């Protein structure tokens, strides 16, 4: 008897989508919780933005992040070095690439000082062994700003210096710092795209003023989507700086390939405090971390969180049910707000990363935004300050729902945490 053997045709596995970027900007007091997240291998994000003003505290994070496969991006602090409010911040004038003459200006950086800035910045990056640098770019007032030409020159010099220091694999991310209204001018937007195409950069980091979780009304959010989709023509990742929770929506809709924010703070772009001279009585302080109500994508102070969660039914609706994140539920959520935020933000980004991009908008609308806006309505009855959150979520729901109806297909950003774009040249 002859047995018939049926040929089995092997099935091709669909490649997993490349991960989206989740960049964290540690504040002055965040180094401990970030180190813990790196040790545990969860909640540290795909990259850390290193602040040179906190070098003593954050330098050790670079080594830990490198071992964990997490990117380390050096912030050049170029905006602070060139603006009155930023230059008045503690430690900025003492940065190794600051100018002896004082605050950076187009006149200073167009000469030999520009070369010295790039050389010192490159050497600092090489010594710290970071994996990427935010290019030394500046605020663009209009199409005629002298910073366009100077920033292009500084970026090209930065690439050259890094290569000479055998840092050919180090990435350069180009911060675009500009008012949203300025980019709404088609001529300026075309100028920006042409400007970026000519530069050796591996990603664009958008710091559009004003924008963020609390500054994302319907028109602002719609404009941000439109601007990002025009930048997709560059074929490199777009990252929304200081975007906070609205950045998760931008990820879902493919507008950006990565988001960046601080640990419970720095989720809104407002450059007024940096661009304007400081007030005589201005004092800097480190506020207490806020509690992330992840079901609402909103932050509240610890006292407000305790009062809300003490109300009937609120623990079940808004307390953390993830025992891997908060073993004691809402108690740990309030007691360890930094850890809770990091893990929940990582979870949000990971869920989107795991899905095909065509399914992400619908998933976000049905599994997060719609339930969140419904929950916010009830939460606002117990905590009046959450009325603004309810209004904001309803606004996003309307704006993004209309966008989904109007665009059955749309372009998407390259993922910001996927394969590294710059390849070492062959010998």
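Read the figures in this text as sums done on the coordinates, not as results from a lab. All figures in this text were calculated on a predicted structure; none of them were measured in a lab. So basically every Cβ, Gly included, is an ideal-geometry build from the backbone, and we count neighbours across all protein chains shown.
Observations on the structure shown:
- Extending 7 Å from Cα along the Cβ direction at residue 350 and again at residue 385 yields two label points whose distance is 3.0 nm.
- Overall shape of the chain was characterised from the C-alpha gyration tensor. The equivalent ellipsoid obtained from it has semi-axes of 34, 29, 23 Å, in decreasing order.
- Inter-label distance, residue 56 to residue 101: 3.2 nm, where each label sits 7 Å from its Cα along the C-beta direction.
- Beta bridges by DSSP in the chain, antiparallel share as percent, to the nearest 5: 15
- GNM result for the chain, Cα springs below 10 Å: residue of 276, 59, 119 fluctuating most strongly: 276
- Whole-number percent relative contact order across the chain, with pairs defined as alpha carbons under 8 Å at least 6 apart: 19
- For the chain, the mean residue ellipticity at 222 nm estimated from helices alone is -13000 deg cm²/dmol, where every DSSP H run of n ≥ 4 contributes -39500 (n - 2.57) and the total is divided by all residues, rounded to the nearest 500.
- With contacts taken as Cα pairs under 8 Å at a separation of at least 6 residues, the range 21-275 carries a relative contact order of 18 percent.
- Contour excess over end-to-end distance, with Cα ends at residue 316 and residue 63 and 0.36 nm allotted per residue: 87.1 nm
- In terms of other Cβ atoms within 10 Å, 409, 260, 366 run from fewest to most in the order 409, 366, 260.
- Ranked list, fewest to most other Cβ atoms within 10 Å of each Cβ, for 56, 394, 267: 56, 394, 267
- Counting beta carbons within 10 Å around each of 173, 28, 87 and listing the fewest first gives the order 28, 87, 173.
- The label point for residue 233 and the one for residue 145, both projected 7 Å from the Cα toward the Cβ, are 2.0 nm apart.
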